[in-house]
Amino acid sequence: MNEKKPPHLIDRTEEADVPPGNIYRHGISDADWYDWRWQLAHSLSKPSDFKGAIEFLPEELQALQSPGMFKIGVTPYFASLIDPHDPNCPIRRQVIPNIAEKQVSLDEMADSLGEESHSPVPGLIHRYPDRVLMLINSQCAGYCRFCTRSRLVGDPHHQFTNKDYQQQIDYIAANPSVRDVLLSGGDPLILPQHVLESILKRIREIPHVEVIRIGTRVPVYLPMRIDPDLVQMLSRYHPLWMNIHFNHPKEITPDVKRALTMLADAGIPLGSQTVLLAGINDCPQTMKKLFHQLVMSRVRPYYLYQCDQVPGSSHFRTSVSTGIEIIESLRGHTSGFAIPTFVIDAPEGGGKVPIFPQYLISNSDKTAVVRNYEGLITAYHQPAGYASHDPLTCPACLSAAEDSQEGVSALLSGHKRAILPEQWSSSHQRSVPLPDSLQPKRKVPAALKPLQQNPDRSDPAEISRKPNKKNDRS
Ligand code: SF4
């Protein structure tokens, strides 16, 4: 162990939650341990790989020996964080399979987010109007037992090719509405560096792409992958943001802090994504500790996800009220920027739906009654003379309107009269005019008349407006 460490590595004698006597490092040189390729090549997946380190529970052993499980893989580094004496260790439960994964309930779906139906070319998901998700790798540094994309992640037969990347990039280039591209997978950061750079370079050459994001768990499973060469390469493609998947304070070791420091020093804005997991992090104090440690490492807690309804995830899922309770325990009790947004990623491709505790008790034209985190109830008096902004006359609103996905904001702005469930029209065609309650309430200014009521429209909910060239989809 006297070999010289690579210069970018910090001293591991710093305090850490790593159990003493790390058996995985016995006989391993520092040079190997801190080599990310060595870590990946020695990924642990069979009971014998953990020999002498963990005594498995029967339900774990059964899962490790059972065919057809979601891919099993743990880096020796991440395995070294497992407390061998704690069967409920939060690190262990995230990566060691349990036979409970074989129990699939009726509400669980392989493609729980409806990604396939939003995929115009292989691996590219276009769910929202102005941003796309590019799946560019099916492999990860470690495999989370609750993975949302377990339908394709870890499958050696499901690899993305250069042809796939080019098709994805061509799609983005042909769609000027796309200003934000998220690279994910699998994990983009374990692709060969030249492959990742070639993808980044081609995306950056598209003039209408403003921001590139990378979604990754590499800094957690494989912090040694974050080296000066990688960071320097990434910083050539700014503005480049990174969202890192963290679930528990035990994951934030000195090695992880070093990796985060390098990324933040390179000007990469860092955010975290956390999955709410039963028995792992469904405790307000655990979450608070995690978020505090993240902000100390310059990572902004971004999303707290309700665990998706993926097959075999029942033993990981909590009630939604648990998430609300956690947010309630944070708001007012810690810095606002240490509190993520709690979301349900809605099934059927519904997208992220934010869920909040209720702070607005009542709201009239004159007064909003609110309560604070302590239970104090107060009144905010609204200004009497406020002339509301009018999106029907505001040039910025008229030119920036989206073409189809405005949702409730379209009702508020007066661009739509209603949002109709599928088949609403056909099941209500009884020659009855639209009820008064669904008629537009405001008078349309004369100057805008040509942009309004379009008799050619068959959808009674639609009100036409000036076409928006920028957002036209081809
Ligand atoms: S790192 Fe992400 S993509 Fe990979 S297994 Fe975990 S959740 Fe799935």
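Measuring between their Cα centroids, region 33-108 and region 315-345 lie 27 Å from each other.
What does the charge add up to near SER329, with Lys and Arg as +1, Asp and Glu as -1, over the other residues with Cβ less than 13 Å from its Cβ? Net of charged neighbours comes to -1. 3J(HN,Hα) along region 47-59, derived from phi through the Karplus expression 6.51 cos²θ - 1.76 cosθ + 1.60 where θ = phi - 60°, amounts to x, 5, 5, 9, 3, x, 9, 10, 9, 6, 6, x, 5 Hz, with x in place of Gly and Pro.
Just list whichever of LYS51/LYS71; LYS51/LYS288; LYS71/LYS102; LYS257/LYS289 have alpha carbons separated by over 24 Å in the model shown. Write down the numbers at each step before the final one.
Working: LYS51/LYS71 19 Å; LYS51/LYS288 34 Å; LYS71/LYS102 13 Å; LYS257/LYS289 15 Å.
Distance filter (> 24 Å) returns LYS51/LYS288.
Seen from ILE355, the other residues with C-beta closer than 12 Å to its C-beta sum to a net charge of -2, counting Lys and Arg as +1 and Asp and Glu as -1. Fully extending the segment from THR393 to GLU406, taken as 0.36 nm per residue of separation minus the present Cα-Cα distance, adds 2.9 nm. Subtracting the Cα-Cα distance of VAL369 and VAL121 from 0.36 nm times their residue separation leaves 84.4 nm of extension gain. A Förster distance of 30 Å, applied to the separation of the beta-carbon atoms of GLN167 and ALA41, puts the FRET efficiency at 0.45.
Computed from the coordinates by the stated procedures, all read-outs in this text should not be read as laboratory data. What you are looking at is a predicted structure, and each value in this text was computed from that prediction instead of being measured. Cβ sites come from the backbone with ideal geometry, for glycine too, and all protein chains shown count toward neighbours.
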